[in-house]
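Following: one structure in structure tokens, then a few remarks.
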Amino acid sequence: MSAEQKKIAIIGATGNVGRKIVEILLQRNSIAPERIRLFSSARSAGQTLKILNQHFSVENVADYDFKDCYLALFATDSDISKTFAPKAMAAGATVVDSSSAYRLDPNVPLIVPPVNSELVTKSKNLYATANCLACPISVVLKPLHAAANAIRVLASTYQSTSGAGKAAMDELQQHTKKALNGEAFQPVNFKRGIPFNVIPQVDEIRADGFTYEEFKIMEEVRKIISPNLKIAATSVRVPVMVGHSISLAIEFERELSLEEVKKILSQSSGVKVSANDYMTPVEVEGKDDVYVGRFRKDPTTKNGILLWLCSDNLRRGAALDAVEISERITKVWGQ
Ligand SMILES: NC(=O)c1ccc[n+]([C@@H]2O[C@H](COP(=O)([O-])OP(=O)(O)OC[C@H]3O[C@@H](n4cnc5c(N)ncnc54)[C@H](OP(=O)(O)O)[C@@H]3O)[C@@H](O)[C@H]2O)c1
């Protein structure tokens, strides 16, 4: 098979991020539909998925030798990525992984396309996309850090249920109906009931008191922006379908006026200054940029600012990143 005919394999294609990857590949005409193959577990193998009027059959990844693909995009949990990504690389494919399996590996570039896509080179065949909070924080922080050296960041996140996968979104819908009907329900994908509630625990709690989600955000942002950055995060699950929000406090080495902050961000890649003071999750669904609003000086600290960020977590920090990285790989490798 010639290089031009080689395919892209999407593993985890029936999930939230996988389906969105296919949708964005088609929307952007990144590759012809017949060069896309979809994979899942045995549970969904045999299904047909209709995405943007294209029909795809879903295959069992366990039966795949990866020999006809030059790119394998994983939208699966870490253990599945760790099982099949080495097989894909051994067959000659370059891997882009959306899970946390490889993000903090010092040998694996952690790519946030508007920030550091120059790290995609011919010398690496494994790339990780960043967590869906670490990504928007980095997109906003990078240009401000370049201007005034960020020294300390506090992030409180308001995370939609889509961030926990398709089953979690279904639970929000089904349990909200039950709650409205006065019926009992038992949380499955959340630590408490999600309808009409907020839950200050995303993932399990570590020995240091932070959750694994908070740890990922802190360590990934430090890997992307600077290991010298001080950062603390509190992650909260909210009863929203799609769209993550972040309250961000940043302290800099030198003062930035709010006008300077707005000017820098309005000229930065992947960011939009919210026209109407701020955006909400419902308003950002389907959009590619990270929206920034509620600009304030932090009265509690020297050289501090306060911001409100909102982005579509299934696109920026997930599927869009994977697609942009694949486009870059395709260009660098000339496929
Ligand atoms: N959702 C987000 O906002 C977001 C953002 C950034 C990164 N991520 C990461 O992206 C990954 C996927 O997240 P998601 O939200 O799309 O999850 P999801 O909706 O739960 O989808 C999981 C996918 O993995 C497949 N899968 C499960 N077990 C498998 C197995 N044994 N072999 C092969 N495939 C298997 C599922 O296929 P079946 O249909 O066969 O079960 C499904 O296609 C996770 O690592 C997540 O942390 C998610």
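The values are calculated or read from the model by the stated rules, or taken from the named source; none is laboratory data. This one's a predicted model, so the numbers in the text were calculated from it and none came from an experiment. Using ideal geometry, Cβ is built from the backbone for each residue, glycine included, and neighbour counts are taken over all protein chains shown.
When the stretch 150-194 is examined, which residues are found to be of a type in the set (D, E, K, R), in a helix (DSSP H, G or I) and either modelled with pLDDT under 95 or closer than 24 Å to Cys310 by Cβ (or both)?
Within the stretch 150-194, Lys166, Asp170, Glu171 meet the criteria.
In the stretch 266-288, is there at least one residue being closer than 15 Å to Val112 by Cα, small (Gly, Ala, Ser) and away from the ligand (no atom under 16 Å from the Cβ)?
Yes, there is a match, as at least one residue in the stretch 266-288 is closer than 15 Å to Val112 by Cα, small (Gly, Ala, Ser) and away from the ligand (no atom under 16 Å from the Cβ).
Being more than 8 Å from the ligand (Cβ to nearest atom), over 17 Å from Arg19 (Cβ atoms), within 24 Å of the chain's Cα centre (by Cα) and surrounded by fewer than 17 Cβ atoms within 10 Å (Cβ to Cβ) narrows it down to one residue among Lys82, Lys50; which is it?
On inspection, the qualifying residue turns out to be Lys82.
Got a number for residues in the stretch 29-47 being under 21 Å from Gln5 (Cα atoms) and either more than 25 Å from the chain's Cα centre (by Cα) or more than 8 Å from the ligand (Cβ to nearest atom) (or both)?
Count: 10.
Would you please list the contacts, defined by Cβ atoms under 7 Å and residues six or more apart or on different chains, that run from a residue in the stretch 167-182 that is in contact (Cβ under 8 Å) with a residue 12 or more places away in the chain to a residue that is part of a helix (DSSP H, G or I) and surrounded by 13 or more Cβ atoms within 10 Å (Cβ to Cβ)?
Partner pairs satisfying both residue conditions: Ala168/Thr161; Met169/Thr161; Met169/Ser162; Leu172/Thr161.
Only one of these conditions is not met by Ile151: (1) among the aliphatic types (A, V, I, L, M); (2) surrounded by fewer than 24 Cβ atoms within 10 Å (Cβ to Cβ); (3) within 16 Å of the ligand (Cβ to nearest atom). Which number is it?
(3)
Give me the residue from the stretch 53-78 that is within 8 Å of the ligand (Cβ to nearest atom) and under 20 Å from the mean Cα position of the chain (by Cα) and, out of that set, farthest from Gly15 (Cα to Cα).
Result: Ser78.
For Ile111, state whether it is touching a residue at least 60 places away in the same chain (Cβ under 8 Å) and more than 16 Å from Leu320 (Cβ to Cβ).
On the way: touching a residue at least 60 places away in the same chain (Cβ under 8 Å): yes; more than 16 Å from Leu320 (Cβ to Cβ): no.
When the stated conditions are applied, Ile111 does not pass them.
What tally of residues in the stretch 116-132 results from selecting those that are within 25 Å of Phe215 (Cβ to Cβ), more than 9 Å from the ligand (Cβ to nearest atom) and among the hydrophobic types (A, V, I, L, M, F, W, C)?
3
Among the residues of the stretch 5-27, is any closer than 18 Å to Leu126 by Cβ, among the acidic types (Asp, Glu) and under 25 Å from the mean Cα position of the chain (by Cα)?
no
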